[in-house]
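In what follows, a single structure is set out as C-alpha cells and then discussed.
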Amino acid sequence: MSGFIATGSTDEPFVITNDGFWPDIDVVHLRESIRLDGSITDARIEVVTVNALIQVNGELAKVKLNHVENGYTTIAAVPAFEVNGESHFIHLYRRSIYCSVGAELAERYRSYDTSVDGNKNADELTPSVDEYRRDARFAIRDLLGVGHSTVELI
C-alpha cells in the first residue's frame, strides 16, 4: 500500500473568464479564500463557479446596465472607494461568487458520504452552508445598493 493520495490541482494558474464587465475569477485565489483543498477537482470547481457567475451576473444585470449606460465599461472603472488597492465593488463581487461556490460545494459534500461520520459532518456543515448563502446575499445586496433586510407587512 502506498501513501500517495491523488488530489485535484491547487496551485496551477486557473482563471474562469467572465463577461468583461465583471472581473474574471482566479480559482487559485478562490481556493485559498474559502479554504478548499485538492480533494475538490478543478473540473468540479469550474462547474460550480460558472453556475455562480451565471446566477450572480443575472441578479446584477440591472446594476451592470446602469453603469454601462453611464459610460463605465468595467466595474473597476466605476468610481468607488478602494480597499487593498481595488474597488470595493470588486471585493463585494468576488465575495458573492466565492460564497456562492462555498455554499454549493458544502451542500454537495453532504451527499458524498452517507456513513454515520458522514451524517455527523453533514449536520456540522449546515451552519456553514447558511453562512455562505447569507454572506453571498449580503454582498449582492450591497452591490444592488439595498439593505440587508426585507420586511413585508401582511
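The values are calculated or read from the model by the stated rules, or taken from the named source; none is laboratory data. All values reported here derive from a predicted model rather than from experimental measurement. FYI the Cβ positions are ideal-geometry reconstructions off the backbone, even for glycines, and counts take in every protein chain you see.
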- Item | Meets criteria (loosely packed, with under 14 Cβ neighbours inside 10 Å, hydrophobic (A, V, I, L, M, F, W, C) and part of a helix (DSSP H, G or I)) for Val63 | no
- Query: Going by the structure shown, is Val68 touching a strand residue (DSSP E or B) at 6+ places or on another chain (Cβ under 7 Å), at pLDDT 95 or above, more than 22 Å from His148 (Cα to Cα) and part of a helix (DSSP H, G or I)?
  - Reply: no
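Every residue, every condition in (1) exposed (fewer than 13 other Cβ atoms within 10 Å of the Cβ); (2) at pLDDT 95 or above, yes or no:
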position: Val48; (1), (2): no, yes
position: Ile54; (1), (2): yes, yes
position: Thr73; (1), (2): yes, yes
position: Ser87; (1), (2): no, yes
position: Tyr109; (1), (2): no, no
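From Ile40, Ile25, Ile16, grab the single residue that is aliphatic (A, V, I, L, M) and at pLDDT below 95. Spell out the reasoning first.
Numbers: Ile25 fails: at pLDDT below 95; Ile16 fails: at pLDDT below 95.
After applying the criteria, what remains is Ile40.
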- Message: Can you report the number of residues in the range 26-50 which are touching a helix residue (DSSP H, G or I) at 6+ places or on another chain (Cβ under 7 Å) and part of a helix (DSSP H, G or I)?
- Response: 7
- Query: Before we move on, is Ala136 modelled with pLDDT under 95, touching a Ser or Thr at 6+ places or on another chain (Cβ under 7 Å) and outside any loop (DSSP other than H, G, I, E, B)?
  - Reply: no
